[in-house]
Amino acid sequence: MFVLVNLKAYDVDPVEIATAARDVAEESGARIGVAPQAAHLPAVADTGVETWAQHVSAVEHGSHTGSTLAEAVADAGASGTLINHSEKRLKLADIDAAMDAAERAGLETCVCANNPDQVGAVAALGPDAVAVEPPELIGGDVSVASADPDIVEDAVAAANAVDDAVAVYCGAGVSTGEDVDAAGDLGAEGVLLASGVAKADDPRAVLEDLVSPL
Ligand SMILES: O=C[C@H](O)COP(=O)(O)O
């Protein structure tokens, strides 16, 4: 199971969380990634943790002020990127172009989707992974695996029907090892989470708990 921690725009110390994630990954052998703000990518990558971008734009080098260029993200130390997060949604054509940009830059891709139908649609574009996240559960206290297990199983089925090489992650409300375990039981190969770590008093303890069943 991959545990991918998205720091969104939370008021956190990204290096402190990245350092904790690196240590917990090393101690447990679990795969943990951290996706900070784009400006924090180099500092987070310098800790040695697996570093992801939260977004890349559907652009190449050129006159694209304000964009997040995939090549710049890779130069900053990221090895992967989220695309189409529920809080940064794109049109299908732009998801496709952002994936092209990520692949051009050598970034692993995880395309987010709200439901199994969208999972099937974006799986057809050939990302490395898709992450299903019901928007109404994002930021809440109840894990998607408990609140809506069917959506995870249906997302796995939808992705497999299109391309069984595409890994399926799930997210929203994940904050404990029990949640990670339940997600795995439903067929997910990873979890995408944010507030459970970013808003915790002790992020390292949460990370330790998250990987405890792995
Ligand atoms: O990127 C992470 C997801 O939106 C889940 O966020 P959450 O763990 O705060 O529910």
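Taken over the stretch 137-174, the residue count meeting the criterion of being under 19 Å from Asn84 (Cα atoms) and out of contact with any helix residue (DSSP H, G or I) (no Cβ under 9 Å at 6 or more places or on another chain) is 0.
Only residues that are assigned to a helix (DSSP H, G or I) and surrounded by fewer than 19 Cβ atoms within 10 Å (Cβ to Cβ) were counted in the stretch 23-43, giving 8. Does His64 count as farther than 22 Å from Tyr169 by Cα and either surrounded by fewer than 15 Cβ atoms within 10 Å (Cβ to Cβ) or in contact (Cβ under 8 Å) with a residue 60 or more places away in the chain (or both)? Yes: the conditions hold for His64. Within the bounds of the stretch 181-191, is there any residue that is within 16 Å of the chain's Cα centre (by Cα), in a strand (DSSP E or B) and touching a residue at least 40 places away in the same chain (Cβ under 8 Å)? For the stretch 181-191, residues within 16 Å of the chain's Cα centre (by Cα), in a strand (DSSP E or B) and touching a residue at least 40 places away in the same chain (Cβ under 8 Å): present. Could you give every pair whose Cβ atoms fall below 7 Å, whose first residue belongs to the stretch 101-120 and is closer than 18 Å to Val168 by Cα and in contact (Cβ under 8 Å) with a residue 60 or more places away in the chain, and whose second residue is part of a loop (DSSP other than H, G, I, E, B) and within 15 Å of the ligand (Cβ to nearest atom), counting only separations of at least 6 or pairs across chains? Close Cβ pairs satisfying both conditions: Cys112/Asn84; Cys112/His85; Cys112/Ser86; Cys112/Glu133. Within the stretch 99-140, the set of residues being farther than 20 Å from Asp164 by Cβ, charged (D, E, K, R) and in contact with a Gly (Cβ under 6 Å, 6 or more places away or on another chain) comprises just one member, Glu133.
Any idea how many residues of the stretch 167-180 are surrounded by 22 or more Cβ atoms within 10 Å (Cβ to Cβ) and either away from the ligand (no atom under 11 Å from the Cβ) or part of a loop (DSSP other than H, G, I, E, B) (or both)? Counting residues in the stretch 167-180 that are surrounded by 22 or more Cβ atoms within 10 Å (Cβ to Cβ) and either away from the ligand (no atom under 11 Å from the Cβ) or part of a loop (DSSP other than H, G, I, E, B) (or both) gives 6. A residue that is touching a Phe, Trp or Tyr at 6+ places or on another chain (Cβ under 7 Å) and under 20 Å from Met1 (Cα atoms) can be found somewhere in the stretch 99-116.
Does Ala102 satisfy the criteria of being among the small types (Gly, Ala, Ser), within 16 Å of Gly33 (Cβ to Cβ), surrounded by 18 or more Cβ atoms within 10 Å (Cβ to Cβ) and at pLDDT 95 or above? So Ala102 passes the test.
The values are calculated or read from the model by the stated rules, or taken from the named source; none is laboratory data. What you see is a predicted model; the values in this text were computed from it and never measured. Neighbour counts run over all protein chains shown; Cβ positions are idealised from the backbone, glycine included.
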